[in-house]
Amino acid sequence: MAGLVLDGSNPDVSLLYDINGLAKDAPTWFDRVMEFVGEYGIMFGLVLIGLWGWWSVRKRGSAEDSVTAVAGLVWAPLAAGIALLINIPIRGFVERPRPFLDHKGLEVLVAGKTDYSFVSDHATMAMALAVGVFIAHRKLGLAAIGLALLEGFCRVYMGVHYPTDVIGGFALGTAVALLLTPLALALLTPLVSAVSRSPRVGWFVRSRAAREADLAAGTGAGSVGGTRPLEIPEPRPDDNNLAA
């Protein structure tokens, strides 16, 4: 299945040349910027959005809300990792060469890519992270999805992926992040709840003000470490805004 897209009249190849052709017309400094953004910059931006979401949800609503939202944010990088693992056998099965190996005249901004092209790891990881953030924090998630879409454009612009490599990556990352969410939250929510009750690492889940309020109120039976027991709702598959 190495020759999925070899015909120059194929829309996938045509779009590849159209987008990559922008790199030929752009100044050298802009290509260098796109190279950095496509390889590292957007991924770093997604990490910052995730951290911003974590900082935000710790101060929003009740302690129960913060536990559920932090569990969702913890799931985002885990979903990206699982999606990348799933992509390993997909790449080995499809065995599509990089586009610059089969098509001449491409402006390749990153040299040394020798692995297979389908599915794009960068697109897979970016969209899995973005959808994971969206599950926990809708507004920041929309920004993250925008960055993931830009990541896909950059991969084609750089000449290292076909458009369908990127689309496949988006589909894989989205599917893993969404379909495994109920199971992931069912496992992560009790763990994050236990962390939130710890006097040492509870700050990871709840703000200082929330912990101090719980310390003042959590003197009855059933409290752990001086904090009141949390009433964590069962995660639901249709709960699309855990931080709200």
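No value in this document is a laboratory result; all are computed from the given coordinates. Just so we're clear, the structure is a prediction, and the values are computed from it rather than from any experiment. No Cβ is skipped: glycine too gets one built from the backbone with ideal geometry, and neighbour counts run over all protein chains shown.
Overview of results
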| read-out | value |
| --- | --- |
| Over segment 17-184, relative contact order from alpha-carbon pairs under 8 Å, at least 6 apart, % | 31 |
| Segments 166-174, 15-23 sorted - mean Cβ within 10 Å per residue, highest first | 166-174, 15-23 |
| Between segment 21-45 and segment 101-125, the Cα center-to-center distance that results, in Å | 14 |
| Dipole of segment 17-184, positive end: most advanced residue of 38, 141, 22 [Cβ charges, Cα centre] | 141 |
| Zone residues, segment 153-197, relative to residue 48, backbone N less than 20 Å from point 7 Å out along Cα-to-Cβ | 153-155 |
| Tail weight of P(r) past 15 Å, computed on alpha-carbon pairs of segment 109-171, percent | 47 |
| Low-density loop positions, chymotrypsin sites (Phe, Trp or Tyr not before Pro), segment 83-121 - DSSP coil, at most 14 other Cβ in 10 Å | none |
| Sparse-neighbour loop sites [GluC sites (Glu not before Pro); segment 86-159; at most 14 other C-beta within 10 Å; DSSP] | 95 |
